[in-house]
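Below: one structure, written as C-alpha cells.
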Amino acid sequence: MRSQNLPLTHGRVLKIALPILLSNATVPILGAVDTAVVGQIPSPEPIAAVGIGAVVLSAIYWIFGFLRMGTTGLTAQALGENDRCEVSALLARALLIGLAGGVLLIALQALIFRIAFAASPASQEVEQMAQSYMQIRIWSAPAAVAIYGLTGWLIAQERTRAVLVLQLGMNAVNVVLDLALVLWVGMGVEGVALATFVAEWSGLGLGLWLCRDGFAEAGWRNRARVFDPARLRRMAALNGDILIRSLLLEAIIVSFMLVGGRFGDETLAANQVLMQFMMITAHTMDGFAFAAEALVGQAVGARNLPHLRRSARLAGLWCVVAALLLAGLFWLVGPLLIRGIAADEAVRAAAIAFLPWMVVSPLLQALPFTLDGIFIGATRSADMRNMMAVSAVIYAAVLLLALPAMGNHGLWLAYQVSFLARGLTLALRYPALERWVAKGG
C-alpha cells in the first residue's frame, strides 16, 4: 500500500486520471468486437439477441455500482487514517458483498429475464437466443459485481494503472474467446456469452492478484473486524444512499430516451447518436472524478482540511480543462463525427441541429462530476442522494414547461439543466462538508 506523504500536484492527479481514461476507452471497443463477431452469422437475430442480453445484464449489474463508489470512499479514508487493518478488512467486505449480490442475481434470474422481456418485447427467435445468452452470462454475476468492489479498493489507493491492467486483461480474454468460440467452433450467441463468462471470472482472479497486498495484512481474515456491526451499518447506509442516487440518475436517463421517442424515429435516432457524445464526456470526466474520490477521501481520513481544499481545486481544474477541450472538439468536428456514426441523411441533419447542446454539455458537467468525486471521497452520501432528488424534480419541472414549446430542444434543455442543478445544489452543500471535516468528521 502506497505512502500518502506524496505532494498534491497536477502530476499526481493526472497519474490517477489518465489510466481511467484509457480503461474507459476500451469499453466500447469490446462491444464493437462482440457485435462484429456475431455479425458474421448471416442472420439479424443473433446481433439483436446479443444486444438485448448485454443491455439487460449491464443495466442490472450497474445497480451494484454503489459498491465501487462506497468502497473507494471508505478505503481512501481508512488510508488517510493510516488504518491498514481497516483497509484490508474493507477489501474482504467488498468481496463478500459483491459475491453475495451476484449469487442473489443468479437466484432471481427467472424473474429478471421475465421482466426484461416484458419491458422490451422481441420476436420469439430473438427472445430465445437472448435468453440463452443471459442464462450463460448470469453465472458470472458474482465475479462481475465483486470486480466493482476490487476496482473501488484500487482507485482509493491511486492504483488506477492496476485498474487499466484489469480491464485490458478481461477484454483480451473476451476477444480471443469470441473469435475462437464463434468463428472457429461455431457456437454463435452461446459462444459470445461463454467468452464473457470466462472473461469475468478470469478478471476476478486477476483482480484478486492485483489486490494481493491487501491480503498480506491481517484485517481481511479478522472476522470480528470484517463483520463489525458499526462498520457494516455505515457501509450499508452509504451504499443505500448511493443506490438511491444512482436510480434517480437512471430514471432521468431512461425518461429522456422514452420522451424522445414521441418525436419520431429520426429524432429518436439523432438523440441516440448524440448520446455517444454524452458517453465520451462521462468517460473523460470519470478519470478526474476518481482522482477527487481518492485524494479527498485520504484528506478526510487524515482530517486535513488544506489537503481537502487542494484536492478539490486540482480535480476541479482538470475537469474544467477536459470540459473546454471536449466542447472545442465537439464544436469543430462534431458534424464529422455524426456523419461517421449515422448513415441516414435525415438522422444526420437532425443530430447536427441539436449538436450545440453537446458543445454546452461538457461545460455544465464539469462541476457535478467534480463534486460527485468530492462527496464520494468524503462519504457524504446523504447529500448526494438529497441533491440528486432535488435535481430530478427540477429536471421534471423544466421538461413539463419546455417540452410543449420547444419540442426536442426542450428535452435537451431539461437534460442539461439536470446537470447544472446537480452541480449547483452540491456546491451549496460543500461548505457544510468542510465544516464537518474541520470538526473531526
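Pairs, please: C-beta under 9 Å, at least 6 apart or cross-chain, first residue modelled with pLDDT under 85 and in segment 175-186, second small (Gly, Ala, Ser) and not in a helix (DSSP H, G or I)?
VAL182/GLY188
Just checking, which of ALA397, ALA405, ALA350, ALA346 is surrounded by fewer than 20 Cβ atoms within 10 Å (Cβ to Cβ), of a type in the set (A, V, I, L, M) and in contact (Cβ under 8 Å) with a residue 60 or more places away in the chain? Explain how you work it out, then say what you get.
Working: ALA397 fails: in contact (Cβ under 8 Å) with a residue 60 or more places away in the chain; ALA405 fails: in contact (Cβ under 8 Å) with a residue 60 or more places away in the chain; ALA350 fails: surrounded by fewer than 20 Cβ atoms within 10 Å (Cβ to Cβ).
None of the others qualify; the one that does is ALA346.
Would you point out the residue of segment 129-165, among those that are among the hydroxyl-bearing types (Ser, Thr, Tyr) and open to solvent by 10 Å² or more (accessible area, probe 1.4 Å), that is nearest to GLY98 (Cα to Cα)? Write out each step before concluding.
Pass one, segment 129-165, residues among the hydroxyl-bearing types (Ser, Thr, Tyr): 132-133, 140, 148, 151, 160.
Checking the rest, the ones that are also open to solvent by 10 Å² or more (accessible area, probe 1.4 Å) come to 132, 148, 151.
Details: SER132: 24, TYR148: 7, THR151: 11 Å.
Restricting to residues being among the hydroxyl-bearing types (Ser, Thr, Tyr) and open to solvent by 10 Å² or more (accessible area, probe 1.4 Å), the top hit is TYR148.
Working carefully through the options ARG159, ARG225, find the one that is farther than 21 Å from VAL56 by Cβ and over 25 Å from the mean Cα position of the chain (by Cα). Break it down into steps so the answer makes sense when it comes.
Details: ARG159 fails: over 25 Å from the mean Cα position of the chain (by Cα).
Matching residue, one of ARG159, ARG225: ARG225.
Go through (1) farther than 15 Å from THR75 by Cβ; (2) touching a Gly at 6+ places or on another chain (Cβ under 6 Å) and name the single condition ARG310 misses.
Failed condition: (2).
Do we find a residue being within 29 Å of ILE374 (Cα to Cα) and over 23 Å from the mean Cα position of the chain (by Cα) anywhere in segment 88-107?
Yes, segment 88-107 contains at least one residue that is within 29 Å of ILE374 (Cα to Cα) and over 23 Å from the mean Cα position of the chain (by Cα).
So which of PHE256, PHE263, PHE277 is assigned by the TED database to the domain that holds ASP344 and open to solvent by 50 Å² or more (accessible area, probe 1.4 Å)?
Details: PHE256 fails: open to solvent by 50 Å² or more (accessible area, probe 1.4 Å); PHE277 fails: open to solvent by 50 Å² or more (accessible area, probe 1.4 Å).
The unique qualifying residue is PHE263.
Residues that are at pLDDT 95 or above and over 19 Å from GLY70 (Cβ atoms), at least 3 per element: which helices (runs of 4 or more DSSP H) completely within segment 342-420 meet that? Walk me through how you get there before you give the answer.
Values: elements: 345-353, 355-377, 381-406.
Counting at least 3 such residues, we get 355-377, 381-406.
Return a yes/no flag: does segment 68-88 have any residue that is part of a helix (DSSP H, G or I) and open to solvent by 60 Å² or more (accessible area, probe 1.4 Å). Write out each step before concluding.
Of segment 68-88, the ones part of a helix (DSSP H, G or I) are 68-80, 84-88.
Narrowing further to those that are open to solvent by 60 Å² or more (accessible area, probe 1.4 Å): 84.
The answer is yes; a qualifying residue exists.
Cβ-Cβ under 7 Å, sequence separation 6+ or interchain: first residue in segment 76-97 and more than 17 Å from LEU6 (Cβ to Cβ), partner open to solvent by 40 Å² or more (accessible area, probe 1.4 Å) and assigned to a helix (DSSP H, G or I). Which pairs?
These pairs meet every condition: CYS85/ARG225; SER88/TRP220; ALA89/TRP220; ALA89/ARG225; LEU91/TRP220; ALA92/TRP220.
With the condition kept exactly as written, say whether any residue in segment 119-128 is open to solvent by less than 50 Å² (accessible area, probe 1.4 Å) and within 24 Å of PHE64 (Cβ to Cβ). Spell out how you get there, then give the answer.
Step one: list which residues in segment 119-128 are open to solvent by less than 50 Å² (accessible area, probe 1.4 Å), which gives 122, 126.
Of the ones still in play, those that are also within 24 Å of PHE64 (Cβ to Cβ) are none.
No: zero hits.
Hey, could you check segment 209-228 for residues that are aliphatic (A, V, I, L, M) and either in a helix (DSSP H, G or I) or not assigned by the TED database to the domain that holds THR151 (or both) and say which is nearest to ARG84 (Cα to Cα)? Walk me through how you get there before you give the answer.
Narrowing segment 209-228 to residues aliphatic (A, V, I, L, M): 210, 216, 218, 224, 226.
Next, only the ones that are either in a helix (DSSP H, G or I) or not assigned by the TED database to the domain that holds THR151 (or both) stay: 210, 216, 224, 226.
Working: LEU210: 17, ALA216: 10, ALA224: 16, VAL226: 13 Å.
The selected residue is ALA216.
Has segment 166-175 got any residue that is open to solvent by 10 Å² or more (accessible area, probe 1.4 Å) and either among the charged types (D, E, K, R) or not in a helix (DSSP H, G or I) (or both)?
Filtering segment 166-175 for residues open to solvent by 10 Å² or more (accessible area, probe 1.4 Å) gives 167-173, 175.
Going one step further and asking which of them are either among the charged types (D, E, K, R) or not in a helix (DSSP H, G or I) (or both), we end up with none.
No, because not a single residue in segment 166-175 is open to solvent by 10 Å² or more (accessible area, probe 1.4 Å) and either among the charged types (D, E, K, R) or not in a helix (DSSP H, G or I) (or both).
Mind counting the residues in segment 166-198 that are within 19 Å of GLY98 (Cα to Cα) and under 19 Å from the mean Cα position of the chain (by Cα)? Steps first, answer last, please.
Residues of segment 166-198 that are within 19 Å of GLY98 (Cα to Cα), as a first pass: 166-167, 170, 196-198.
Among the residues that remain, those that are also under 19 Å from the mean Cα position of the chain (by Cα) are: 166-167, 170, 196.
Number of matching residues: 4.
Being more than 30 Å from LEU411 (Cβ to Cβ), touching a Lys or Arg at 6+ places or on another chain (Cβ under 8 Å) and among the small types (Gly, Ala, Ser) narrows it down to one of GLY219, GLY297, GLY240, so name that one. Give the steps one after another, and end with the answer.
Numbers: GLY297 fails: touching a Lys or Arg at 6+ places or on another chain (Cβ under 8 Å); GLY240 fails: touching a Lys or Arg at 6+ places or on another chain (Cβ under 8 Å).
Going through GLY219, GLY297, GLY240 in turn, the sole match is GLY219.
So how many residues does segment 223-243 have that are open to solvent by less than 80 Å² (accessible area, probe 1.4 Å) and either closer than 15 Å to PHE66 by Cα or modelled with pLDDT under 90 (or both)?
Looking only at segment 223-243, we keep the residues that are open to solvent by less than 80 Å² (accessible area, probe 1.4 Å), and these are 224-226, 228-230, 232, 235-243.
From the residues that got through so far, the ones that are either closer than 15 Å to PHE66 by Cα or modelled with pLDDT under 90 (or both) too are 232, 235-243.
Counting residues in segment 223-243 that are open to solvent by less than 80 Å² (accessible area, probe 1.4 Å) and either closer than 15 Å to PHE66 by Cα or modelled with pLDDT under 90 (or both) gives 10.
For segment 110-125, indicate whether the set of residues that are farther than 17 Å from ALA54 by Cβ, modelled with pLDDT of 90 or more, assigned by the TED database to the domain that holds CYS211 and among the acidic types (Asp, Glu) is non-empty.
Looking through segment 110-125, none of the residues is farther than 17 Å from ALA54 by Cβ, modelled with pLDDT of 90 or more, assigned by the TED database to the domain that holds CYS211 and among the acidic types (Asp, Glu).
Would you pick out the residues in segment 261-281 that are out of contact with any Ser or Thr (no Cβ under 8 Å at 6 or more places or on another chain) and in contact (Cβ under 8 Å) with a residue 60 or more places away in the chain?
Looking only at segment 261-281, we keep the residues that are out of contact with any Ser or Thr (no Cβ under 8 Å at 6 or more places or on another chain), and these are 261-276, 279-280.
PHE263, GLU266, THR267, ALA269, ALA270, ASN271, VAL273, LEU274, GLN276, MET279, listed by residue number.
Does segment 205-219 contain at least one residue that is within 24 Å of the chain's Cα centre (by Cα), without any contact (Cβ under 8 Å) to a residue 40 or more places away in the chain and surrounded by fewer than 23 Cβ atoms within 10 Å (Cβ to Cβ)?
Within segment 205-219, one or more residues are within 24 Å of the chain's Cα centre (by Cα), without any contact (Cβ under 8 Å) to a residue 40 or more places away in the chain and surrounded by fewer than 23 Cβ atoms within 10 Å (Cβ to Cβ).
Which residues, counting only those in segment 280-332, are open to solvent by 10 Å² or more (accessible area, probe 1.4 Å) and among the acidic types (Asp, Glu)?
Of everything in segment 280-332, just one residue is open to solvent by 10 Å² or more (accessible area, probe 1.4 Å) and among the acidic types (Asp, Glu), namely ASP286.
For segment 414-441, how many residues are under 30 Å from LEU268 (Cα atoms) and either in contact with a Phe, Trp or Tyr (Cβ under 8 Å, 6 or more places away or on another chain) or among the charged types (D, E, K, R) (or both)?
Residues of segment 414-441 under 30 Å from LEU268 (Cα atoms): 414-424.
If we keep only those that are either in contact with a Phe, Trp or Tyr (Cβ under 8 Å, 6 or more places away or on another chain) or among the charged types (D, E, K, R) (or both) as well, we get 414-418, 421-422.
Matching residues across segment 414-441 total 7.
The values are calculated or read from the model by the stated rules, or taken from the named source; none is laboratory data. Everything numeric here is computed off the predicted structure, so don't read it as measured data. FYI the Cβ positions are ideal-geometry reconstructions off the backbone, even for glycines, and counts take in every protein chain you see. Note: areas computed on protein heavy atoms with side chains; ligands, DNA, RNA excluded. Shrake-Rupley method; radii C 1.70, N 1.55, O 1.52, S 1.80 Å.
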